[in-house]
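The values are calculated or read from the model by the stated rules, or taken from the named source; none is laboratory data. Everything quoted here is computed from the prediction, not taken from an experiment. No Cβ is skipped: glycine too gets one built from the backbone with ideal geometry, and neighbour counts run over all protein chains shown.
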Amino acid sequence: MTGDIAPFRTLMESDGQSEAAIRAFESAYAQLTSGQATMIPENGIIPASKLPELDGLKASSQLTEEDGGALLDATVVIKLNGGLGTGMGLEKAKSLLPVRFGSTFLDLIARQILHLRETHAKPLHFLLMSSFATRDDTAVALSPYADLGDTESLQFIQSRIPKIDAATLAPAICERQPDLGWCPPGHGDLYPSLFGSGHLDQLLEAGVRYAFVSNSDNLGATLDLDLLHYFAESDKSFVMEVTRRTAADRKGGHLATDKETGHFLLRESAQCADEDMDAFQDIDRHRFFNTNNLWLRLDLIKETLDSHGGLFPLPIIKNVKHLNPRDKATPEVVQLEVAMGAAISTLANTGAIEVNRSRFAPVKTTEDLFALRSDAYVVTDDYRLELHADRQGVPPNIFLDGAHYKLVDQLDRCLPDEVPSLLGCDLLEINGPVEFASGVILRGQVKFENANADRATIAPGTYEDTTVIL
């Protein structure tokens, strides 16, 4: 398999991409065209077993006020804010989606940072990695939070990369809709974008050594002093927060150990062959799920970039899609992605730590959003969103009919007044068009079936371990 990289460099230069972003794409393209394997076979890994646990860490309360303050001064919180939530029908930053009581993800993130600054009397460093598509809306949404800082300096921009024609390995061009020829490079773009934007050098010059990175749609992920203390004392270059997998996480990336090197690695579903998929989704075999809450030593990240000539080595994830995702008649293209968590296998002296479910409450689908808006989750005093204590760390398992609830506006029609109580609900399945009246309580395993085209109303009351035909 061969290809010419020159046209891609020309495209990216004309698009204003940084040299770091271009070099990162060239490295990924070289992996693709070399025929290097992109799959991680089950017979080449060992399931991760016993890990350090957050609950067993030495409490940060043992730190002196001076030492704790010094750690906070040396830390930056970075939120990944480049996603549009197109899978749920959104056309703006997912972080601007209302979550609870009219507050968006971004509202709650801003309040988390301001609360931390006020609590510790420290000007905690804070950055957002936005994209070209989310930058402007984010700046407007942050304007009420003047105490956070200048909206321009709070953001650095994720790069975008060309799609690759699957047949020719040339740039996939769409003259009528040029933007269709571009795609995001995955959140592994954090490393070249932080470097190429100049923020990495600025942070290091300001004495910042530690970064806590998480997704903007995970409101359970806040700066934890016990974890920061642990990370600083460990002297590791990288630590990944993992949590026990549940049935809802079976398709997500898991932690494992490479048989050959003995190092940790992260395996995503796109890196798993069909014949290994049963093992991949076996939550008893592969018990630890990557929360995408990561702790980074910025000085060691910079050393790695410098030692590789400005590149940050990460394995590629190869995705084959259509040039226009909504039109299967358009040519097949290859989209190359890298995952930031994959650095656990490429950096030296990396580790992982098991955290409880309170630090993981993401929204990838309307099913996640349904649960998050319900009483199964609570907003804490420090503006985190976490599972109610009565859930004992296990979220409700929700299955919604994709024909009726895939998009946010479809979910909103299902919940015109109030989200039903899910505090005691283990499993909820909805097939067909329904809407919930106020005062609905669901317990145990509940299923609603409506085979009619007209929307059926679910009346107030308690539904427990039942199937309701509407």
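Of the residues making up region 245-258, those that are among the basic types (Lys, Arg) and assigned to a helix (DSSP H, G or I) number 0.
In this structure, Arg111 does not qualify as in contact with a strand residue (DSSP E or B) (Cβ under 9 Å, 6 or more places away or on another chain) and farther than 18 Å from Ser214 by Cα. Taken over region 175-199, the criterion of being of a type in the set (A, V, I, L, M, F, W, C) and within 27 Å of Leu96 (Cβ to Cβ) is satisfied by Leu180, Trp182, Cys183, Leu190, Leu194.
For region 102-144, a residue qualifies if it is of a type in the set (D, E, K, R), under 25 Å from Gly186 (Cβ atoms) and either without any contact (Cβ under 8 Å) to a residue 12 or more places away in the chain or touching an Asp or Glu at 6+ places or on another chain (Cβ under 8 Å) (or both), and exactly one does: Asp136.
Give region 429-447 a look and list any residue that's assigned to a strand (DSSP E or B) and more than 20 Å from Asp409 (Cβ to Cβ), or say none. Answer for region 429-447, where residues must be assigned to a strand (DSSP E or B) and more than 20 Å from Asp409 (Cβ to Cβ): Glu429, Val440, Ile441, Leu442, Arg443, Gly444, Gln445, Val446, Lys447. For region 92-101, a tally of residues being within 18 Å of the chain's Cα centre (by Cα) and surrounded by fewer than 22 Cβ atoms within 10 Å (Cβ to Cβ) returns 4.
The strands (runs of 3 or more DSSP E) found entirely in region 326-399 that carry 1 or more residues being closer than 18 Å to Asn218 by Cα are 350-354, 377-379, 385-387. Sub-9 Å Cβ pairs linking a first residue in region 20-41 that is surrounded by 20 or more Cβ atoms within 10 Å (Cβ to Cβ) to a second residue that is of a type in the set (Ser, Thr, Tyr) and part of a helix (DSSP H, G or I), at least 6 apart or interchain, are Ala20/Tyr191; Ala20/Ser193; Ala21/Ser193; Ala24/Tyr191; Ala24/Ser193, ordered by first then second residue. Listed by position, the strands (runs of 3 or more DSSP E) inside region 43-161 whose residues that are assigned by TED's automatic domain parsing to the domain that holds His254 and more than 30 Å from His229 (Cα to Cα) number at least 2 are 98-100. Looking only at residues in region 145-167 that are farther than 26 Å from Leu336 by Cα and touching a residue at least 12 places away in the same chain (Cβ under 8 Å), the one that is nearest to the chain's Cα centre (by Cα) is Leu154.
Taking region 139-161, which residues are surrounded by fewer than 18 Cβ atoms within 10 Å (Cβ to Cβ) and of a type in the set (Phe, Trp, Tyr)? Answer for region 139-161, where residues must be surrounded by fewer than 18 Cβ atoms within 10 Å (Cβ to Cβ) and of a type in the set (Phe, Trp, Tyr): just Tyr145. When we screen Val242, Val208 for residues that are aliphatic (A, V, I, L, M) and either in the same structural domain as Asp426 (by TED's automatic domain parsing) or assigned to a strand (DSSP E or B) (or both), the only hit is Val242. Scanning region 160-201 for residues that are closer than 17 Å to Gly16 by Cβ and of a type in the set (A, V, I, L, M, F, W, C) gives Ile161, Trp182, Cys183, Phe195. Check whether at least one residue in region 412-420 is modelled with pLDDT of 95 or more and assigned to a loop (DSSP other than H, G, I, E, B), and report yes or no. Looking for residues that are modelled with pLDDT of 95 or more and assigned to a loop (DSSP other than H, G, I, E, B), one finds at least one in region 412-420, hence yes. For the residues Ala348, Ala376, Ala352, Ala343, the requirement of being touching a Leu at 6+ places or on another chain (Cβ under 9 Å), modelled with pLDDT of 90 or more, farther than 24 Å from Thr86 by Cβ and assigned by TED's automatic domain parsing to the domain that holds Leu407 singles out Ala376.
Among the residues of region 211-239, those that are part of a loop (DSSP other than H, G, I, E, B) and not polar (S, T, N, Q) comprise Asp217, Leu219, Gly220, Ala221, Leu223, Asp224, Asp235, Lys236. Could we say that Asp417 is in contact (Cβ under 8 Å) with a residue 24 or more places away in the chain, out of contact with any Lys or Arg (no Cβ under 7 Å at 6 or more places or on another chain) and either outside the structural domain of Phe289 (by TED's automatic domain parsing) or not hydrophobic (A, V, I, L, M, F, W, C) (or both) here? Considered against the rule, which asks whether it is in contact (Cβ under 8 Å) with a residue 24 or more places away in the chain, out of contact with any Lys or Arg (no Cβ under 7 Å at 6 or more places or on another chain) and either outside the structural domain of Phe289 (by TED's automatic domain parsing) or not hydrophobic (A, V, I, L, M, F, W, C) (or both), Asp417 comes out as no. Checked against the criterion of being modelled with pLDDT under 95, out of contact with any His (no Cβ under 7 Å at 6 or more places or on another chain) and over 25 Å from Asp382 (Cβ atoms), region 214-235 has at least one qualifying residue.
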